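All remarks here apply to the structure that follows.
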Amino acid sequence: TRDRSDTLRTPIVAVLGHVDHGKTSLLDKVRGSAVSEGEAGAITQHIGATAVPLDTISGIAGSLVDPDDFDLPGLLFIDTPGHHSFSTLRSRGGALADIAVLVVDVNDGFQPQTEEAIDILKRTGTPFIVAANKIDTTPGWNPQEGEPIQVTYEAQSDRARSRLDENLYEIIGQLSDAGFSADLYWRVQDFQANVGVVPVSAMTGEGVPDLLTVLMGLSQRYMKDQMTIDVEGPGAGTVLEVKEEKGFGTTLDVVIYDGTLREGDEIVVGGLHEPIVTEVRALLQPKPLAEIRTEKRFDRVDSVGAAAGVKIAAPDLEDAMAGAPVRVVRGRERDVVVADVESEL
Ligand code: GTP
Ligand code: MG
């Protein structure tokens, strides 16, 4: 039953996959940004979060999406590193996710961290779709900037199309070996029983309309119960990063996945030695489409509702840990919340 303050929150979408398969580039295409180019060796080394509003999604998806079909406010994307040494960060990203995009280079197919990502998704029971990326590198490809996959397909020679199809069926076979029945997304009727594969290019934007449409459709159709929360409830989240911020001292980049966090709230954060009890001094929110990991400018806000990425400024955060839980005490016994946080560490 829905209570008056129950609202549909933004689904959290983790982007997982092997190093260099194009996770950050795909998000760059959606954001209209160039985060990947700014990374040392184009290697992501942290988890990021980006809020993508519904109007941006509708703008990219074009005729594939009727914005009236959706009452979800948008999608919160979590970027994760694919380099083998960042296994903890991948697990953390996977654990936060309501749904995931497994990015696979269509030429390389499954690689070690693709397998690892699949294991994380199995373990956490997270539904996912596959973005078969870099379709523009298919020999003889005739790129159709930003177009849905059907339009792109029709513009290809038989030779180019069958080369791509071969690669796509290879990936579908690898998914099947991993225990997932899969098919090209437009052939999938029941996304709970089958994994949909969406051919895309982060470079040309081909298939990106389809990817966003499928993500919205899946969240809306299968996860409404999970997305219905009491927005007025005490906020809960996970620390992505602990960072020094000029003028604010030690701050936390956090993903809030439940309730609301307000300035002045008493919060409990998992710490190196024991849970930290402190009070929120300032909440700094990246603008829509900005990556919290790289953004320099933030809006100071009074409150943040789930799901969102937010930077928390508060005293005594020096011993806070990335990956630790954050809980708002509001209306509850502080000791109970502290015990709660302790049990999650
Ligand atoms: P990690 O975060 O380190 O795991 O890598 P990533 O998966 O985020 O890959 P990233 O987006 O940084 O892309 C790696 C390289 O592949 C970059 O040089 C991109 O320009 C290139 N690339 C990504 N997507 C595409 C694509 O669709 N087509 C082509 N041609 N190149 C791509
Ligand atoms: Mg990356």
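The values are calculated or read from the model by the stated rules, or taken from the named source; none is laboratory data. Being a predicted model, the structure only gives us computed values, none of them experimental. FYI the Cβ positions are ideal-geometry reconstructions off the backbone, even for glycines, and counts take in every protein chain you see.
Those residues that are surrounded by 15 or more Cβ atoms within 10 Å (Cβ to Cβ) and of a type in the set (Asp, Glu), I need them from segment 104-122; list them, please.
The answer is 105, 108, 116.
Quick one: count up the residues across segment 247-266 that are more than 12 Å from residue 325 (Cα to Cα) and in contact with a Gly (Cβ under 6 Å, 6 or more places away or on another chain).
Of the residues in segment 247-266, 3 are more than 12 Å from residue 325 (Cα to Cα) and in contact with a Gly (Cβ under 6 Å, 6 or more places away or on another chain).
Could you pull out the residue among 297, 293 that is surrounded by 20 or more Cβ atoms within 10 Å (Cβ to Cβ) and part of a loop (DSSP other than H, G, I, E, B)?
293
Return yes when residue 210 is in contact with a His (Cβ under 9 Å, 6 or more places away or on another chain), crowded, with 22+ Cβ neighbours inside 10 Å and modelled with pLDDT of 95 or more and no when it is not.
So residue 210 fails the test.
Any residue at all in segment 272-293 that is among the aliphatic types (A, V, I, L, M) and touching a helix residue (DSSP H, G or I) at 6+ places or on another chain (Cβ under 7 Å)?
Yes: segment 272-293 contains one or more residues that are among the aliphatic types (A, V, I, L, M) and touching a helix residue (DSSP H, G or I) at 6+ places or on another chain (Cβ under 7 Å).
Only residues that are farther than 22 Å from residue 93 by Cβ and out of contact with any Lys or Arg (no Cβ under 7 Å at 6 or more places or on another chain): list them for segment 294-314, please.
296, 297, 300, 301
Quick check on my filter: what residues within segment 204-230 are within 20 Å of residue 153 (Cβ to Cβ) and over 17 Å from the mean Cα position of the chain (by Cα)?
Scanning segment 204-230 gives 204, 205, 206, 207.
Among the candidates 190, 177, single out the residue that is surrounded by fewer than 16 Cβ atoms within 10 Å (Cβ to Cβ), more than 22 Å from the chain's Cα centre (by Cα) and modelled with pLDDT under 95.
Values: 177 fails: modelled with pLDDT under 95.
Just a single option satisfies the conditions, and that option is 190.
Residue 269 fails exactly one of the following numbered conditions: (1) surrounded by fewer than 22 Cβ atoms within 10 Å (Cβ to Cβ); (2) more than 30 Å from residue 29 (Cβ to Cβ). What is the number of that condition?
Of everything listed in (1) surrounded by fewer than 22 Cβ atoms within 10 Å (Cβ to Cβ); (2) more than 30 Å from residue 29 (Cβ to Cβ), residue 269 misses just condition (1).
For segment 8-125, list the strands (runs of 3 or more DSSP E) that sit wholly inside it and hold at least 3 residues that are away from ligand 2 (no atom under 16 Å from the Cβ) and within 30 Å of residue 230 (Cα to Cα); which are they? Give the steps one after another, and end with the answer.
On the way: elements: 12-17, 48-53, 74-79, 99-105.
Strands (runs of 3 or more DSSP E) meeting the threshold: 48-53, 74-79.
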